[in-house]
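Asks: I'd like to ask some things about the structure below.
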Amino acid sequence: ILTHFNIHYNHYNFRFWCPPPVDFIKLKCDGAMVQSQSMTSCGGVIRDYKGHFIRAFLRKLRSCLILEAELWSLLFGMMMLKDAEMPNVIIESDCLEVVHLVNGGSSPGHTFVDLVDEICKLKEKFS
């Protein structure tokens, strides 16, 4: 059962892994795009506070906007965390818009409202 759950933005240190507090795990998730080839993917890695690898995922997506790929990476990562029943989780994203959408909710007319709503519903299950 998750006892702590936090999604936050980390643009400056995203290339480097910073450990979470003791007894926490961290999911770093990201979307990627090769525009010239219309290729989009997403992935994430989970490590413990000592930096030990726990799990990872990588998914090829249909051609989409980078914001959507970032949202998919968060959703797939959260699904992996939920399935593994991992406690004390910190999720890190380099996309500030994703963090705002998930922590503040999206407006009904937002392009990815359904995807954001799915993430928010899953986030509630962690509380």
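Asks: Filter the stretch 49-63 down to the residues that are more than 16 Å from the chain's Cα centre (by Cα), more than 20 Å from Asp114 (Cβ to Cβ) and open to solvent by less than 80 Å² (accessible area, probe 1.4 Å) and list them by number.
Replies: Tyr49, Gly51
Asks: Moving on. Could you tell me whether any residue of the stretch 19-31 is among the charged types (D, E, K, R) and closer than 17 Å to Val116 by Cα?
Replies: Yes; the residues of the stretch 19-31 include at least one that is among the charged types (D, E, K, R) and closer than 17 Å to Val116 by Cα.
Asks: Run Pro20 past the list (1) surrounded by 15 or more Cβ atoms within 10 Å (Cβ to Cβ); (2) part of a strand (DSSP E or B) and report the number of the one that doesn't hold.
Replies: Unmet condition: (2).
Asks: Can you tell me which residues in the stretch 64-98 are among the charged types (D, E, K, R), surrounded by 18 or more Cβ atoms within 10 Å (Cβ to Cβ) and either touching a strand residue (DSSP E or B) at 6+ places or on another chain (Cβ under 6 Å) or part of a loop (DSSP other than H, G, I, E, B) (or both)? Full working, then the answer.
Replies: Taking the stretch 64-98 and keeping what is among the charged types (D, E, K, R), we get 68, 70, 82-83, 85, 92, 94, 97.
Right, trim to surrounded by 18 or more Cβ atoms within 10 Å (Cβ to Cβ) and you get 68, 70, 92, 94.
Once the filter is applied, which keeps residues that are among the charged types (D, E, K, R), surrounded by 18 or more Cβ atoms within 10 Å (Cβ to Cβ) and either touching a strand residue (DSSP E or B) at 6+ places or on another chain (Cβ under 6 Å) or part of a loop (DSSP other than H, G, I, E, B) (or both), the stretch 64-98 yields Glu70, Glu92, Asp94.
The values are calculated or read from the model by the stated rules, or taken from the named source; none is laboratory data. Everything quoted here is computed from the prediction, not taken from an experiment. Methodologically, a virtual Cβ is constructed for each residue, glycine included, from the backbone with ideal geometry; neighbour enumeration extends over all protein chains shown. Ligands, DNA and RNA are excluded from the accessible area calculation, which covers all protein heavy atoms including side chains. Shrake-Rupley method; radii C 1.70, N 1.55, O 1.52, S 1.80 Å.
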